[in-house]
Structures are given as C-alpha cells and as structure tokens.
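J.: The structure's right below; bear with me while I get my questions together.
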Amino acid sequence: MVMVTIEWDDSGGADGRGGVSLLDQTQLPMRTEHRLVCTTDGLVSAIRELAVRGAPALGVAGALGVVVAMDEGAREGWDVAAVQAAVDRVRRARPTAVNLARGVDRVRPLMSQGRDAVLGAARRLAAEDEAANRELSRRAADWLLDRTDRERMRVLTHCNAGTLATTAWGTALGVVRELRNRDRLEFVYVDETRPLLQGARLTAYELADEGIPHAVQVDGAAASTILRGLVDCAVVGADRVAANGDVANKVGTLGVALACHDAGVPLLVAAPWSTVDLDTADGSSIEIEERDGDEVVRCGGVRTAPQGSPGFNPAFDVTPARLVDAVATERGVLEPRAGRTPGAAHVPSP
C-alpha cells in the first residue's frame, strides 16, 4: 500500500485552484479518508485535531498552508495584512514541533513572487523530506548494527514516526524498514502511546500492512520489556532537538529513555536536520503543548474516569541529552551522551 500523507491536489476547491489533500489520521485504522482543505480555518483545525501530524509532515503542512492563505485571501478580497495574519495562524497551530513554523518560514519570503512560486517551494520541501528520511535511516541502521552482535534486532518504538508522520518512508519507522530490508530485523514492540494511541492505531497499521512482525504493548509495559532484555534498542522520532541534544517527543519517551539508560540499551532518535533547532539552547526552552484533558479521561467518546476527575494531558516530554545515545539525521549521527551535540563545533556539514 502506498500512503500519501499530505500533498497539494490541483483539482477541485472553492475556486478550482485546488487545496491540501490530507490522509485523515483521526480515522485510521478503521477508515481511510482524505480531507481536501481549502481554508486557513480548515487547515488549522486539521493540524490541531491531528488529522495531519508528525514533525516532517507538519513542515509540509506549514508550507502548503501559505498557499491556502494566499488563495483564500484572493477569493475573499483580503488585504496583505489579513493574508499574513492567516499565515501566522497556521504557523502557531502547534507550538512544540519546530517543523511547522520552519515550513511556513521557508516559503513565506516567496509570497511576493506569487502563489505558484510558493507552491513550487512547498512541493520541493516534500520531496526533500523523503530523501532526508531515507538517508538518515541508512545512517541510523549502520550505527545500530555496528553496536550489536545479534543477527537480527529487536526494536521498541514509541508513538508513530513512519510514513504517516512524514511525506514518505518515515524516520523511526524508516530505520525499522531499513533494518528489515537488510534482513537484520527480528521484531518490533509497539508502544500503544496514550492518550490518542498513535502507536496502536498508526504504527501497527503501517507494520501490519508491510508484514513486519510486531506486537502492541501498553505504555506501562515498556520499561519492563526493556529491562527484561527483550529489546536491543529503542528508536523514536522527535518534534524538536535542542542545540545541547535534549529531545522533545511524544509524552512517554522520557520513560523509555530512563529504562534504556538503566538497562544499557541504546536509545536512538531518528529525525531530519529540519527538526534540529540550534536557536533553542536546551529542553527547558521548549514549549510543551497541553491538549484537552478529555483525551485522557475518555476513550472512543466514552468517559472512563469519574465526572469530577479532570485530565492532565501534556502532548510531549523532553528527554535530556544525557539519556540520548544517538540522534540520526541525514547529515550524520550525533551522540549527545558523548558530548557530540547539534550545537557543538563538529556538527556535520550539509
């Protein structure tokens, strides 16, 4: 199955100029549905609802969102200030993942050249994402295999960092695919990833489709699985990597990292260089998005906690660099625990 997470669809739309076609991830795995988004409000809602999610995919959403704002402005007769305000709304839709803002910022300077110039740049960004993901997966697999004498590796993942979180191939799941393609993968333990179950709904969906051996486990089982010696590495994605190597990722990643550290199991973060934020010195400066508490106290629309019990729902946590063995990017593999961090002088060149 070929999944296209996000792309510009030239057909249809309010004025025949097309819109952003999104694979609606809130419906998976039960239904495969696409949304055609032609308004700023619609795109912001899709981002906040997690119809489109994952740092690299959000970068492309940000870039295409500038085209949406320009087209909407032309239809509605907005002035320049109103179009720019709409672009700002897209840029701020989710604060933790740096790629969303970077996608907007990459194409925004081209607005004076017209919407076709912006659309072309957004499409190039999508193509670059796939190439980066494949290269970082190759580098990550090399790094992992250099550190094991096992014929085939047992991997633990947290959240979804596959094709569904990118434009193609994936980051953490891209590493899994690379190991599979080299016949060096044995099994994948998939954390269900509360509260929205991106692991159970999305990662397992991708692995099952490709026939990759795996099992879904509750998040609370991850530490035990690691300490029992059932996995050889944990591979996760990232929404932002600070200059010192601190990593923001889906909440629960920190618990996986602590267990890996105690067990001596490598924790590898797979992320394109666009997720590295050298302007953020460390994790203390990363804004942690807090979502509606109902996502915690309800499941499938049914309340699972007493009426008087509110939910606390941070969407991300920050794993300190001292717990991160490697950050694999398309430019090379950094080793924060060993002092080789993104902000160090020896960062690999593009």
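J.: Can you say whether Ala97 is closer than 18 Å to Ala270 by Cα and among the aliphatic types (A, V, I, L, M), as far as the supplied structure shows?
T.: yes
J.: For segment 69-85, state whether one or more residues are closer than 29 Å to Leu254 by Cβ, among the small types (Gly, Ala, Ser) and in a helix (DSSP H, G or I).
T.: Looking through segment 69-85, none of the residues is closer than 29 Å to Leu254 by Cβ, among the small types (Gly, Ala, Ser) and in a helix (DSSP H, G or I).
Conditions (1) among the hydroxyl-bearing types (Ser, Thr, Tyr); (2) more than 24 Å from Leu145 (Cα to Cα); (3) surrounded by 15 or more Cβ atoms within 10 Å (Cβ to Cβ); (4) at pLDDT below 95, marked per residue:
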| residue | (1), (2), (3), (4) |
| --- | --- |
| Val256 | no, no, yes, no |
| Ala281 | no, yes, no, no |
| Gly308 | no, yes, no, yes |
| Val318 | no, yes, yes, no |
| Gly332 | no, no, yes, no |
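J.: Here's a check for you: in segment 1-45, which residue that is free of Cβ contacts under 8 Å to residues at least 60 places away in the same chain and of a type in the set (Ser, Thr, Tyr) is nearest to Leu207 (Cα to Cα)?
T.: Applying the filter and picking the extreme gives Thr32.
J.: Could you check how many residues of segment 163-193 are farther than 27 Å from Asp146 by Cβ, in a loop (DSSP other than H, G, I, E, B) and in contact with a Gly (Cβ under 7 Å, 6 or more places away or on another chain)?
T.: Summing the residues that are farther than 27 Å from Asp146 by Cβ, in a loop (DSSP other than H, G, I, E, B) and in contact with a Gly (Cβ under 7 Å, 6 or more places away or on another chain) in segment 163-193 gives 2.
J.: Let me ask something else. Of the residues Arg53, Arg106, which is out of contact with any Lys or Arg (no Cβ under 9 Å at 6 or more places or on another chain), touching a residue at least 40 places away in the same chain (Cβ under 8 Å) and either of a type in the set (Ser, Thr, Tyr) or not assigned by TED's automatic domain parsing to the domain that holds Ala328 (or both)?
T.: That would be Arg106, the only listed residue that is out of contact with any Lys or Arg (no Cβ under 9 Å at 6 or more places or on another chain), touching a residue at least 40 places away in the same chain (Cβ under 8 Å) and either of a type in the set (Ser, Thr, Tyr) or not assigned by TED's automatic domain parsing to the domain that holds Ala328 (or both).
J.: For the subset of segment 62-92 comprising residues that are out of contact with any helix residue (DSSP H, G or I) (no Cβ under 6 Å at 6 or more places or on another chain) and not charged (D, E, K, R), which member is nearest to Arg106 (Cα to Cα)?
T.: Checked segment 62-92; the qualifying residue nearest to Arg106 (Cα to Cα) is Gln84.
J.: Oh, and also: Of everything in segment 8-49, what is buried (at least 18 other Cβ atoms within 10 Å of the Cβ), over 16 Å from the mean Cα position of the chain (by Cα) and not in a helix (DSSP H, G or I)? Give them in sequence order.
T.: Result: Trp8, Gly13, Arg17, Gly18, Gly19, Val20, Ser21, Leu28, Arg35, Val37, Cys38, Thr39.
J.: Look through segment 124-154, keep the residues that are crowded, with 17+ Cβ neighbours inside 10 Å, over 18 Å from the mean Cα position of the chain (by Cα) and touching a residue at least 60 places away in the same chain (Cβ under 8 Å), and return whichever of them is nearest to Gly220 (Cα to Cα).
T.: The residue in question is Arg154.
The values are calculated or read from the model by the stated rules, or taken from the named source; none is laboratory data. This structure is a prediction, so every number in the text was calculated from the model and none was measured. A quick note on method: Cβ atoms are made from the backbone with ideal geometry, for glycine too, and the neighbour counts reach across all protein chains shown.
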